1. For the protein assembly as shown, would you read off the P(r) tail past 34 Å as a percentage of all alpha carbon pairs?
2. Taking chain B as the reference, fit the longest principal axis to its C-alpha atoms, fit the long axis of helix B:107-123 to the helix C-alpha atoms, and give the angle between the two in degrees, 0 to 90, nearest 10.
3. Under a 10 Å cutoff between Cα atoms, tell me which one of B:70, B:58, B:164 has the largest fluctuation in the Gaussian network model of chain B.
4. At 7 Å along the Cα-to-beta-carbon direction for both residue B:120 and residue A:76, put a label point, then send me their distance in nm to one decimal.
5. Place the peptides A:158-171, A:201-214, A:104-117 in order of packing, highest mean first, counting for every residue the other Cβ atoms within 10 Å and averaging per peptide.
6. In region B:1-102, which trypsin sites (Lys or Arg not before Pro) are in a loop and have at most 12 other Cβ atoms within 10 Å, using DSSP for the loop call?
7. So what are the radius of gyration and Dmax for the Cα set of region B:44-202, in Å?
8. Give me, ordered by chain and number, the residues 5 or more places off residue B:37 or on other chains with an amide H under 5 Å from its own placed amide H.
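All of the numbers you see were taken from the coordinates with simple rules; none came from a lab. Since the structure is predicted, the reported quantities are computational estimates derived from the model, not experimental observations. Note that we place each Cβ from the backbone using ideal geometry, even for glycine, and neighbour counts take in every protein chain shown.
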Amino acid sequence: MSTTDTANTADSLRSASQTAQAGPSSKTAADLGMVACHHCATLWKEVQAHDRCGCCDARLHARKPDSANRAWALVIAACIMYIPANTLPIMTTASLLGEQQDTIMSGIIYFWVSGSWALAAIVFIASFLVPLFKLAALILLLITAQRRSKWRLLQRAKLYRLVEVTGRWSMLDVFVVTLLTGLVQIKGFATVYAGPGIAAFAAVVVLTMLASLSFDPRMIWDAAKTKAGKRA
Amino acid sequence: MQEVPDLLACEECDAVHRRPTLGRNEVAFCSCCGAELERDMSAYRTSVLPLAVASLFMYVIANVFPIVEMELQGIASRTTLIGSVFFLNSEGMPFVASLVLATTVLFPLLQLLALIYLLVAVTRSGYHPAFNLLTRLLQTVRPWGMVEVFLLGVIVALVKLTNMATVVPGVALWAFGALTILLAAVSSFNPRYIWRIALLKQA
C-alpha cells in the first residue's frame, strides 16, 4: 500500500478544541507494514526483524513484546500479594499504653473515628480503592483484548489511561509508614515499627505498575481493526 | 528500512496520521482513540531548563533539612527523608527502603540531571556521549518518580502525629511542596520532544 493512500485516511486530524470522534476507521501503522519507534515515535517502513531505530537506536517492534503474557503474570502475582497486604499489619505502635498493630483498613478507620474525614477519604481511595480498581481494570482489559472484543473500545482506552494515571498514588501508605518509623523513635514513650504488610503492599503497587506498563493499549484496537478489515 | 517523515502513528492505538503543523501551544489528538499525538513544545523549550535548575535547588534543600520535628514529653525527634529510609533498612525492610529511596530520591535526581544535560547538549553542536542512553533513561524513569505522592504521605503522617505529639513542619516540607509544583511543570515536557529538537538542529 502506498503512502498517499495513508495520507487520505489520516486526514481526520483534529485540533485541541474539537471533541473526540471514536471509531476504528483509520488505518494502523501495522496494517501499512510500518513500525513506530516506542521511544522517539519516528515511523519506519520495510522494517526487518531485530532492526534498531535509526534515530534513537532503540529496538523496533510493532507491539510491546509478549505484552499479554507479561501483564497476566504480573497481575496474578499482584493478586496474590494483595491478600497479605491487607491482612498483615503494616505498622506496630509501641507506647506506654501497650502495643497496637495497624492494618491498612484499621488505619483508615482510625482517621474516620478521630474525625479526620477528608484524610480518611484520601487514604481510603489511595490505599484501598485504587489497587482494587487497578487489578479489576487490568484483568478486564486483558480478557477483552485477548478475546478480541469490540466492546466499548474508546471507554477501554480511557480506562487504560486512568489506570496509568492513578497507579502511583497507592504508594501513599508506604511513604507514611516510612516517615513514621523514621520519626517516632522516642525510646520508652513511643516507637513505631514497620510491619510485613507494608512490604506486601509495596509489592502490589510495583507489580500493578509494571503490569500496566507492559500492557500494550494497541491490543485493544487491534482486534476491532482486523475484524473491520475482514468485513470490508 | 526507511523513514516515513510526513506521517506519525498514535502511540496508543497505532492509527496513522499525517504529521500536523502546529501553531504555538497547540496540541493534536488522535481522531481514533483521543490520545495526545503531538504537542507544540516551542514555548516550553526555553522555560524547562530554568525550571529544572530551580527544581534541583529545591531538591537539595528538601533532602538535606529535616521534614518534620516531633516533640513528646520534652524529647524532640526529627528526621530527613534519607534518615527514614536508612532506619527502615536497618530494621530489616531493605525492599521497601530501596523502593522509597528510588522513587523519592534517586529517580527525581536522575530525571533532573539527565534533563538538564540533554537540554544543554541539544542546543550545542558536537558529539554528546550517552545522549541516546540518557533520553531513553529519562523516559523509563518518568513514571517512577513519586515526589507528589510523597508530599501527600508527609501530610497524612503529620495529621496522624498531631494526635499524640507536638509537630513542627521543617524547612524540607516547604521545599518538597515547591519541588512538587516545579516538577509538575518540568514533567509536562515529554522527553520524546528532545529527539524532535535534536533532529531540527541537524537539519
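1. So the pairs more than 34 Å apart make up 39 percent of the total in the protein assembly as shown.
2. That helix lies at roughly 30 degrees to the long axis.
3. B:164
4. In this crude spin-label approximation the distance works out to 4.9 nm.
5. Working: A:158-171: 19.0, A:201-214: 22.9, A:104-117: 15.6.
For the peptides A:158-171, A:201-214, A:104-117, the packing ranking is A:201-214, A:158-171, A:104-117.
6. On the way: sites: B:18, B:24, B:39, B:45, B:78; in loops: B:24.
Sparse-neighbourhood loop trypsin sites (Lys or Arg not before Pro): B:24.
7. 18.3, 66
8. B:28, B:29, B:30
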